[in-house]
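Structure first, commentary second.
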2 protein chains.
Amino acid sequence: MSIRTGTLAVLAALLALPSARAGEAPPTTASVLETSTADDWRRPDPADTLYLDLAGGRVVIELAPGFAPAHVENVRTLAREGFWDGLSINRVQDNYVAQWGDAAAGEAGARGLGGARTRLPAEFERDADGLHLAALAEGDVYAPEVGWAEGFPVARDPARGRAWLAHCYGMVGAGRGMAADSSTGAELYAVIGHAPRHLDRNITLVGRVIRGIEHLSALPRGTGPLGFYTEAVQRVRIERVRLAADLPEDEREAIEILRTDTPTFRRLVEARRNRHEDWFIDPVGRVELCNVPLPVREAAR
Amino acid sequence: MSIRTGTLAVLAALLALPSARAGEAPPTTASVLETSTADDWRRPDPADTLYLDLAGGRVVIELAPGFAPAHVENVRTLAREGFWDGLSINRVQDNYVAQWGDAAAGEAGARGLGGARTRLPAEFERDADGLHLAALAEGDVYAPEVGWAEGFPVARDPARGRAWLAHCYGMVGAGRGMAADSSTGAELYAVIGHAPRHLDRNITLVGRVIRGIEHLSALPRGTGPLGFYTEAVQRVRIERVRLAADLPEDEREAIEILRTDTPTFRRLVEARRNRHEDWFIDPVGRVELCNVPLPVREAAR
């Protein structure tokens with residue numbers, strides 16, 4: 001069984017093309033971004049923007065309250081109360097995840113969660129009603145439908161009327177134990193390898209790294225089981241985690257993210273589907289969810 | 001248009017299940033590997049095994065002469081003649097590739113290729129005749145058919161009778177300029193991020209990292225365009241590159257790779273499709289080409 005139907009699929013993809021204006025060069029990622037307008041970009045809400053500060057640099061995460069409201073609220077509380085300050089990145093598993101939190105969690109000496117809740121519902125998926133999905137024509141191996149909504153890669157099952165965040169590179173989730181509802185957001189991970197889409201709907205995703213993923217992805221790999229560091233000294237210290245909204249305005253990053261609900265974004269997807277950069281011999285004609293970048297740029301202050 | 005057909009696809013996947021023997025626990029990756037036999041494993045041919053030695057450790061690459069015979073022959077020659085010794089890793093682009101070779105290539109002071117050929121045909125694809133593909137039932141976003149052959153992730157177009165290696169994590173290719181036939185194998189890259197499948201059939205893949213990818217994937221990212229290091233001092237020195245066949249037997253790595261043409265490998269794919277580890281709430285029921293590991297283990301000497 002193949003999920004790609006050859007010529008028909010290519011035809012359908014061609015029919016889905018935004019029509020090129022006469023005399024216009026076919027779009028590339030660079031040309032789409034160059035011709036974008038100010039309205040194509042948005043500033044992430046400071047209440048949804050988390051700064052994870054390591055000695056090596058700052059990782060900026062956009063939270064997704066539309067998908068995991070309880071977890072995001074907990075993460076906000078934990079950040080405000082300095083829960084992660086002085087804790088560490090404890091696990092870096094190659095082609096998989098970097099994970100941070102309290103290395104003593106569940107043991108004597110573990111930090112309390114303060115004002116955060118110790119028990120949350122699993123937030124593996126949400127009602128698809130009211131979610132505007134910019135659907136990808138190619139479909140997907142893992143889900144009936146995929147695309148983008150609210151700036152995130154998303155999967156949807158129309159039959160069940162449910163939607164969920166997809167584990168693309170850079171997505172951030174809340175580690176859990178064996179029980180579905182055992183995550184609190186105190187233990188977080190970021191995807192640093194090929195999209196582990198088998199985690200979709202098995203764990204709660206809370207957001208996405210929008211800048212500084214290299215401060216996690218280039219860390220030494222742990223040599224213990226699951227990529228945990230085997231010695232305390234190997235752990236990477238977290239200087240501080242804060243919500244942008246809890247910092248004075250002049251200490252906030254000036255970041256803009258390309259909207260995913262616009263004609264410009266559709267052109268970007270098309271530019272990634274049919275590669276018109278001179279280097280490409282075969283223009284490809286297909287694109288997969290996690291191979292479409294979600295561009296971020298420095299905003300004017 | 002969706003390439004996944006919901007219930008039907010799940011049914012088809014179930015029908016493709018290797019039948020479980022009565023009383024047997026459903027397979028997991030661990031149980032499949034534990035119950036594998038000696039015949040399920042193979043030793044890579046020393047003539048196809050390349051050692052890339054960095055200060056940080058050894059990267060072992062299995063070459064794919066069945067797909068890129070001319071490039072592999074050139075790589076063998078370059079290794080034998082010490083071409084890469086003292087050269088460097090010059091580019092590490094996050095979520096993409098690490099690339100090595102002569103930083104002065106194309107400029108004054110560039111190393112000559114010695115006995116290697118300076119012009120090779122592009123080897124983007126091969127005749128599919130004679131290739132035994134263990135096809136993946138789920139299909140693929142990028143190619144009409146995918147699966148495994150000769151130990152590598154492979155895509156196939158039955159209509160054209162062509163097959164090619166797929167850009168999964170860890171695959172190694174030969175960098176090229178603008179012309180399709182401008183690669184020689186002297187400049188190599190390894191995939192260290194989400195599978196850039198749009199490179200398939202656009203560039204010649206020559207093999208796969210079978211051990212030590214972390215010595216490439218955890219390197220500092222380059223901050224220049226395309227992830228090139230901006231200062232010579234940032235480049236990561238290559239101590240030595242050799243073909244295993246050119247070293248005395250007692251200096252060769254004792255590595256075994258799980259065969260991909262066996263019932264055991266089909267069970268492994270099934271164990272990755274339907275996740276029976278206790279941690280999984282949703283067993284998934286689907287698996288994508290690049291999410292199936294190709295296990296490697298230390299062999300008895």
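Nothing in this text is a laboratory measurement; each read-out follows from the coordinates by a stated rule. Quantities reported herein were computed from a predicted structural model and do not represent experimental measurements. So basically every Cβ, Gly included, is an ideal-geometry build from the backbone, and we count neighbours across all protein chains shown.
Per residue of A:138-147, what is the mean number of Cβ atoms on other protein chains within 10 angstrom of that residue's Cβ?
Average per residue, whole number: 6.
Highest GNM mean-square fluctuation, chain B, Cα pairs closer than 10 Å: which of B:Glu138, B:Glu107, B:Glu123?
For chain B, modelled as a Gaussian network with Cα springs under 10 Å, the answer is B:Glu107.
Using a Gaussian network model of chain B whose springs link C-alpha atoms within less than 10 Å, name the residue from B:Val60, B:Val284, B:Val209 with the highest mean-square fluctuation.
B:Val284
Could you calculate the FRET efficiency of B:Arg58 with B:Arg266 from 1/(1 + (r/R0)^6), where r is the beta carbon distance between them and R0 is 30 Å, rounded to 0.05?
0.45
How many nanometers, to one decimal and shortest first, lie between the label point of B:Ala55 and those of its other copies, if labels sit 7 Å from Cα toward Cβ?
Shortest to longest, the spacings are 1.8 nm.
Give the peptides A:130-136, B:259-265 in descending order of average Cβ contacts within 10 Å, highest first.
Ranked from most to least packed, the peptides come out as B:259-265, A:130-136.
Tell me the distances, shortest first, between B:Pro283 and the same position across the other copies, using label points 7 Å along Cα→Cβ, in nm to one decimal.
Its label point is 4.4 nm from the equivalent points in the other copies.
Placing unit charges on C-beta atoms (Lys and Arg positive, Asp and Glu negative, everything else neutral), compute the dipole magnitude of the protein assembly as shown about its Cα centre in debye, rounded to 20.
Here the size comes out at about 300 debye.
By how many degrees, 0 to 90 and rounded to 10, does the Cα axis of helix B:263-273 deviate from the longest principal axis of chain B?
Its long axis makes an angle of about 80 degrees.
Taking A:Ala105 in one copy and the same position in all the others, each labelled 7 Å out along Cα→Cβ, what are the pairwise distances from the first, in nm, shortest first?
Going from nearest to farthest copy, the values are 4.3 nm.
How crowded by other chains is B:285-294, given as the mean number of beta carbons from other chains within 10 Å of each beta carbon?
The mean count of partner-chain Cβ atoms within 10 Å per residue comes to 4.
Based on the mean of other Cβ atoms within 10 Å per residue, sort peptides B:145-155, A:190-200 so the most packed one is first.
A:190-200, B:145-155
If you count, for every residue in A:189-196, the Cβ atoms of partner chains within 10 Å of its Cβ, what is the mean?
5
So, R0 is 30 Å and r is the distance between the beta-carbons of B:Arg160 and B:Arg119; what FRET efficiency does that work out to, to 0.05?
My answer for the efficiency is 0.70.
Scan around A:Asn90 for amide H atoms under 5 Å from its own, H built in the peptide plane at 1.01 Å from N, and keep only partners 5 or more places away or cross-chain.
So A:Asn90 has HN proximity to A:Gln99, A:Trp100, A:Gly101.
Using r as the Cβ-Cβ distance of A:Asp45 and B:Val233, and R0 as 35 Å, what FRET efficiency do you calculate, to the nearest 0.05?
The calculated FRET efficiency here is 0.30.
Amide H to amide H under 5 Å from A:Arg162: which residues, 5+ apart in sequence or cross-chain, H placed 1.01 Å off N in plane?
Under 5 Å from the amide H of A:Arg162 lie the amide H atoms of A:Ala128, A:Asp157, each far enough along the sequence or on another chain.
Rule-of-thumb check for the range A:42-256: C-alpha Rg over 2.2 N^0.38 Å?
0.98
Helix B:69-80 versus the longest principal axis of chain B: what angle, 0 to 90°, nearest 10, using Cα atoms?
With rounding to tens, the tilt is 50 degrees.
May I ask you to derive the relative contact order of the range A:223-296, considering only C-alpha pairs under 8 Å and at least 6 residues apart, and to give it as an integer percent?
Relative CO of the range A:223-296 lands at 23 percent.
List the GluC sites (Glu not before Pro) within the range A:153-248 that fall in a DSSP loop (any state other than H, G, I, E or B) and whose Cβ has at most 11 other Cβ atoms within 10 Å.
A:Glu231
Residue by residue through the range A:90-96, which ³J(HN,Hα) values in whole Hz follow from phi under the Karplus form 6.51 cos²θ - 1.76 cosθ + 1.60 (θ = phi - 60°), with glycine and proline marked x?
Coupling constants for the range A:90-96: 10, 8, 9, 9, 4, 6, 8 Hz.
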